[in-house]
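First up is the structure itself, then whatever we jot down about it.
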2 protein chains.
Amino acid sequence: MLRTLLSRFACLMAVCLLAGSSSADEGMWLFNDLPRDYLESTYGFRPSDEWAEHLMKSCVRFNVGGSASFVSSTGLVLTNHHVGSDTLFKLSTKERNILEQGYLARTHDEELKAPDLELNQLISIQDVTAEVQGAVKEEMSPEDALAARRKVIAGIESAATEESGLRSDVVTLYGGARYHLYQYKKFTDVRLVWAPETAAAFFGGDADNFEYPRYCLDACIFRVYEDDKPARIQHFLKWSEDGAGEGELTFVAGNPGRTSRIFTTDALAYQRDTRLPALLNLLRRLEVLLQQYGLEGTEQTRRARDDLFGIQNSRKARLGMLAGLQDPRVFDSKREAEKELLSKVQADPELRPLAEAWTTIRETTERRAEVAKEGVRIRSQLFTIAHTLVQMAEEDQKPSGDRLPRFAEAGRASLLQQLYSDAPIYPDLDQVLLADSIAYTLEKSGGDDPLSQQILDGTSPSDRAAALIQNTSLLDVAERKKLAEGGAEAIAASEDPLIQFARLVDPEIRRVDKLNDQLDELETQAYARIAEARFAIEGTSTYPDATFTLRLAFGPVKGYELAGETIPAVTRMSGAFEHEANHEGQADYDLPESWHRAKDSLNGNTPLNFVTTADIIGGNSGSPVVNQDLELVGLIFDGNIQSLTADFVYSDTVARAVSVHSSAIREALQVIYGAGHIVDELGK
Amino acid sequence: MLRTLLSRFACLMAVCLLAGSSSADEGMWLFNDLPRDYLESTYGFRPSDEWAEHLMKSCVRFNVGGSASFVSSTGLVLTNHHVGSDTLFKLSTKERNILEQGYLARTHDEELKAPDLELNQLISIQDVTAEVQGAVKEEMSPEDALAARRKVIAGIESAATEESGLRSDVVTLYGGARYHLYQYKKFTDVRLVWAPETAAAFFGGDADNFEYPRYCLDACIFRVYEDDKPARIQHFLKWSEDGAGEGELTFVAGNPGRTSRIFTTDALAYQRDTRLPALLNLLRRLEVLLQQYGLEGTEQTRRARDDLFGIQNSRKARLGMLAGLQDPRVFDSKREAEKELLSKVQADPELRPLAEAWTTIRETTERRAEVAKEGVRIRSQLFTIAHTLVQMAEEDQKPSGDRLPRFAEAGRASLLQQLYSDAPIYPDLDQVLLADSIAYTLEKSGGDDPLSQQILDGTSPSDRAAALIQNTSLLDVAERKKLAEGGAEAIAASEDPLIQFARLVDPEIRRVDKLNDQLDELETQAYARIAEARFAIEGTSTYPDATFTLRLAFGPVKGYELAGETIPAVTRMSGAFEHEANHEGQADYDLPESWHRAKDSLNGNTPLNFVTTADIIGGNSGSPVVNQDLELVGLIFDGNIQSLTADFVYSDTVARAVSVHSSAIREALQVIYGAGHIVDELGK
């Protein structure tokens, strides 16, 4: 989920869920529980089961934290440049900077295999609430309840994987009131077909991020392979001839990462006063650190680029959320809605016992604030590898259902794909990050803390990081395999300093993880009760908070009024050149050479970006936007700045989802990038 | 002092003061207590009283936080570009960016008057310890003791100002064991004569900052005027023909800002675990905020530049300090030294009662950690003006000695010079800073805090800041004068929203300031006792921690060994071009056009920068470096990265002070900047 948390936030929303029944085009709907009545009564369109199944199976999830769709029978996958960027970065070298300069494969042979990408296509959804909840007994302690739930979930996932061969995930919905089993077909041979330059994909840079009007070609295309051949895809989206027009109803199918609309105001106050400020301090710390590292040279700038982008993006998104929570107009509306709900709960003798759930949440947030001050948090790829090996060796000695969830049998293949990835790791950058993590741990625990002293081993954070990174063998994938296959014995005997370091800090990491797990468990139980109270009062025709699983959102293409100005629903390709001219001398506003060369041949009137009222958030990046006929009309890539409170509350007044228009992608491929051969495949 | 704290840190040091007697070239010596014996025995040079007086009076202090010297009888003042940058920035406009592009006055008429610069020339030092300490009685509460001390100090300053017409400051030395009265001649008509481009002055940017070898022309020249004519200066430095050679003993006279060498290990642990991490979070917050603002356009980049530079510089310096404190090799040496001192104190029945001072410091640091979480801290120029007006109106109703020190009579002229400055204030930038300060206050106090709610007045931090900045009249200097002259009545009647806002938050600011004052007082008393213990055990021939007053440091020109490499003592002007070539494609390493044009005419062999072992720190920036004959041989501008622990401990192993060589300044003026007319004045 980290990738989702740190990935681009594309957000927009109208009226809070706790405010009673949802209204307008609010909602991130489950594919097995679509708002058919609302769509029919409001838009005169009732989606059929076939419609839903085709759309569901046309979608793919990027496990690094994003959404995408199949756009041809030949396995083409369309997503955002900023969703593909993790892979674009891993495929780049000092000599060939694909992330910055873009890429085009002219033949299948030129398609570049991603080192560790896993795409998931959702095949089925099944309600397993009874089975999961049946395993947890009233009288259990939170710790036992958590263990019991983990065990039954691991069992369901293992059995499902074994039976179907599909990736099988049990998803916790409505904060724990429902559990659904999601089964996915996995694609692990994914190859890069086309990506534009960062200057086109992220035109306007950090300044324009989350702004609108916008002029970004935030798109790229991969292809999935099976048995070393392009996969044959049954469910894919047709390419709309003209794209969406103003006022037209559109649908978004994607994987929103996480929302907190069910949160009590105590939980929101904790976010506002404690968690977001601390997280922002951490993000700014990393931002400045990576900028400093990048100042050392152009190659260092390149190495830090993808990470820095993710951090800057997250910082801007979180700042928007915090600003929303700090606005009494937003917060007070949540408080009023909660008060109303609670008074109804108190008024109903059957529901009254559920009210204590709010007290539980107040207590857990207070304890969270304390736990957040503890622990060891290390950001280093090589350390993560060492720590995974150390934990795996220990966990594998237990039955699958008793392990930490990421080490359960069902997820082993995905875990090993990451662990054995041969994507480049830059030890100099990793060393800078590790040194900073050690310093950060010292700041949290105090320099005199005994574990801090053991971590330092008599030297400074930077000297210690240098000794660890410069003497580890874990850059070598073969070495990782040897340790993984050697299990606990190999780990115990290893003289690799990073393995030894991971063993040193693992008990403390486990201790704090366990405290957080216990708090999670208490909150899961409390939110399940809150959800039951809401089902009882508001009915069940609502949607659960986002869980990085497939959801349907919808809304018309629609501009808005801001400070007396009319913001148009659609921008044009010619507008990108005007925007460039208006920002002369600012590097982030230089369109790439390819655009300048093609300028005269381009149809400047082609729609470039557009906005709708759909209810989306981070993780939706790369989601297809389709019309009623399931033709692709756009590609979600952002939300405007007014939408950044969507984590807590939806609004459609001025908050909007921002998409790349399907026609711009086609025009750019054809005219700017000379990729007619790809255009010919689209939708076919 | 804020300016000093946020200004460039030029640092370098060898063996901690608490470690017993000072050793090697350690020390920031008082001009009325120079280490004559040490200099004579080690270097065979005994400075005379005339020598000391001439050097003292040749020095000037920049009240914005830096050092400088007179270098001609015609009032020329030499300092660093980064010390002058505050004024260079204030003299810049959208059309004429003096800070970036440099400036050269060809005639006196072209010399540009600084809007609010005050330079101080130290004229006399007088011991007033008995008078100050006599006012504080044993039985007084900390609060009463502080009031009594403030009163007697204000009285001494007022009387001295009245008698001499000089600026008169009582300086607290040795943490409160000694009080000296410093009297200064003030220069308030200061004009810019010459400044190079930032690209030459800060060549290598943030990446090279605090690094060595270095290639920076970090210099600029002002001229002081009296009665609208160039001032005639009696004490000024001659310009050395060849500058300092390797191994030669040199002296540094300047105003080191603040060191903490007397700090107990409890106080250092507080710095390490609490204060520096919090300060760094704040600095990074401002850094990212100003970068974001700068992304809006080239003019915004210019407006944020000077502030951003100061913050980045401070961030890098503080990070170096923190790294030093986190290194057990540094911290343990302080702990050992303290243990040794304490055991001697305990062993001596007369000294034993002084040991409780260490306990006091432990208690005050614990309370500081709590107080630091409280309060309102607002960074906005317009707010600062409003708040100054509000506080002044209230303080002026009391006798001078009972006021907050900055409102005492003796300092009124300097205060009004700042308050009535017509230096540009950019409301859009100020609004961004104010919005962030309000958000920061909310984060600290919690969004539900009653004062936070009053601060917001029902809107968001950014909406509130917009309303305050867009509706205040305080941009207008005449309006400020009207309010200042109208006193408490005018303030009470004012409908200016920023005045009303300052009145709203002032009680909370005063409450927290008072808590900090009380802690300061307890620490002053405790450190005075610790200093007495040290005088008793180590003798009085030592130096006090830095206090942004004139000190003498010294040491030879000397390279060093680092990781097996020999770092040369001196760099050459030709090296700057090589350094540029080695960093192609990195904007901070582009020398200005003027250097490229002059390249063939330059004597590339001219020394550019050099290092010595002198004990300096932030505030020393701009200090003249002189030889035994009091000829100017260099200009301090930085310390290397190894010197950043100098706040707590001096070392001469690899820590060094970095200077611009006097010959480079002359060569650059003559050949690059066509300023032969200035060269003709130098030293004459």
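All of the numbers you see were taken from the coordinates with simple rules; none came from a lab. The shown structure was predicted, so the numbers you read here are calculated from the model rather than taken from an experiment. When we count neighbours, we look across all protein chains shown, and the Cβ atoms used for this are built from the backbone with ideal geometry, even at glycine.
Distances between copies of B:D242, taken at a point 7 Å out from Cα along the Cα→Cβ vector and listed shortest first: 8.6 nm.
Using a cut-off of 26 Å between Cα atoms, the listed pairs A:K558/A:K599; B:K238/B:K558; A:K444/B:K373 include A:K558/A:K599 as exceeding that distance.
For the stretch A:366-439 versus the stretch A:150-208, the spacing of their alpha-carbon centroids is 19 Å. May I ask you to report, in nm to one decimal and beginning with the shortest, the distances from A:D348 to the same position in the other copies, taking label points 7 Å along Cα-to-Cβ? Those label-point separations list as 7.9 nm.
Applying 0.36 nm per residue to the separation of A:E336 and A:N516 and subtracting their alpha-carbon distance, the gain on full extension is 61.8 nm.
Estimated from the Cβ-Cβ distance and a Förster radius of 45 angstrom, the FRET efficiency linking B:K599 and A:V477 is about 0.35. Secondary-structure-derived ellipticity at 222 nm for chain B, considering helices only, amounts to -14000 deg cm²/dmol, per-run term -39500 (n - 2.57) for DSSP H runs with n ≥ 4. So what is the relative contact order of the stretch A:607-684, in percent, for Cα pairs below 8 Å that sit 6 or more residues apart? Normalised by residue count, the contact order of the stretch A:607-684 is 33 percent. Expressed in Å, the radius of gyration and Dmax of the Cα atoms of the stretch B:447-502 are 13.0, 38. For B:L181, the amide hydrogen comes within under 5 Å of the amide hydrogens of B:Q126, B:D127, B:V128, B:V171, counting only partners 5 or more places away or on other chains and with H modelled in the peptide plane. The alpha carbons of chain B occupy a box of 67, 67, 51 Å along the principal axes, longest dimension given first. When each of A:T472, A:T359 is scored by the number of other beta-carbon atoms lying within 10 Å, the sequence from fewest to most is A:T359, A:T472. Across peptide B:321-330, the mean count of Cβ atoms from other chains lying within 10 Å of each residue's own Cβ comes to 5. The distance linking the stretch A:233-262 with the stretch B:330-355 is 72 Å (Cα centroid to Cα centroid, whole angstrom). Placing dummy labels 7 Å off each Cα toward the beta-carbon, the span from B:D242 to A:K398 is 7.6 nm. Each of A:V224, A:V570 was scored by other Cβ atoms within 10 Å of its Cβ. Arranged with the fewest first, they read A:V570, A:V224. Cross-link partners for A:K186 among the lysines, with Cα-Cα distance under 16 Å and sequence neighbours closer than 8 places in the same chain left out: A:K57, A:K113, A:K229. For A:V625, the residues whose amide H sits under 5 Å from its own are A:V633, A:G634, A:L635, A:I636, ignoring neighbours fewer than 5 places away on the same chain, with H placed 1.01 Å from N.
The H on the amide N of B:I616, modeled in the peptide plane, is under 5 Å from the matching H of B:L12, each at least 5 residues off or on a different chain.
A simple rule links phi to the HN-Hα coupling: the Karplus curve 6.51 cos²θ - 1.76 cosθ + 1.60 with θ = phi - 60°, which for the stretch B:590-595 gives 8, 5, x, 3, 4, 5 Hz, with x for Gly and Pro.
Across peptide B:453-460, the mean count of Cβ atoms from other chains lying within 10 Å of each residue's own Cβ comes to 3. The percentage of C-alpha pairs in the stretch A:626-671 whose separation is greater than 14 Å is 60%.
What is the order of A:I499, A:I530, A:I491, fewest Cβ neighbours within 10 Å to most?
On the way: A:I499 25, A:I530 29, A:I491 22.
If I rank by nearby Cβ atoms, fewest first, I get A:I491, A:I499, A:I530.
For the peptides A:419-431, B:67-79, the ranking by mean Cβ contacts within 10 Å, running from highest to lowest, is B:67-79, A:419-431. Taken over the alpha carbons of the stretch B:336-445 as equal point scatterers, the Debye sum produces base-10 log I(q)/I(0) values at 0.09, 0.17 Å⁻¹ of -0.50, -0.94.
Just the number, please: Stokes-Einstein D of the stretch A:26-75 in µm²/s, Kirkwood Rh from C-alpha pairs, 37 °C, 0.692 mPa s. Before the final figure, lay out each step's value.
Values: Rh = 12.6 Å.
The diffusion coefficient I find is 260 µm²/s.
Site pair A:E374 and B:Q628 shows an inter-label distance of 6.4 nm when each label is modelled 7 Å from Cα along Cα→Cβ.
When the Cα centres of the stretch B:538-591 and the stretch A:539-608 are compared, how far apart do they sit, in Å? Rounded to whole Å, the Cα centres lie 50 Å apart. The phi torsions of the stretch A:184-189, fed into the Karplus equation with coefficients 6.51, -1.76 and 1.60 and a -60° offset, translate into couplings of 10, 7, 9, 10, 10, 10 Hz, rounded to whole numbers, with Gly and Pro shown as x. Straightening the chain between A:Q454 and A:A130 buys 111.9 nm, computed as 0.36 nm per residue apart minus the Cα-Cα spacing. Charge dipole of chain A (Cα centre as origin; +1 on each Lys and Arg Cβ, -1 on each Asp and Glu Cβ, all else neutral): 100 debye, rounded to the nearest 20. Take B:S601, push a point 7 Å out from Cα through the beta-carbon direction, and compare it with the same point in every other copy: 5.0 nm, smallest first.
By how many nm would the segment from A:S41 to A:S141 grow when fully extended, if each residue of separation counts as 0.36 nm and the alpha-carbon distance is taken off?
Difference between extended and current length: 31.3 nm.
Local charge for B:K444 was computed over the other residues whose Cβ lies under 10 Å away, with Lys and Arg +1 and Asp and Glu -1, and equals -2. For the stretch A:602-615, 3J(HN,Hα) computed residue by residue from phi via the Karplus equation (6.51, -1.76, 1.60; θ = phi - 60°) reads 5, 7, x, 7, 4, x, 9, 10, 8, 10, 9, 9, 4, 8 Hz, glycine and proline entered as x.
Counts of other chain beta carbons within 10 angstrom of each beta carbon in peptide B:286-294 average 4.
Bridgeable lysines around A:K344 (alpha carbons under 27 Å apart, same-chain partners fewer than 8 residues away excluded): A:K334.
If you take the alpha carbon atoms of the stretch A:299-349 and fit the smallest convex hull around them, that volume is 80 Å³ per residue. Distance between the 7 Å Cα→Cβ label points at A:F535 and A:E584: 6.4 nm. Expressed in Å, the radius of gyration and Dmax of the Cα atoms of the stretch A:262-330 are 15.2, 47.
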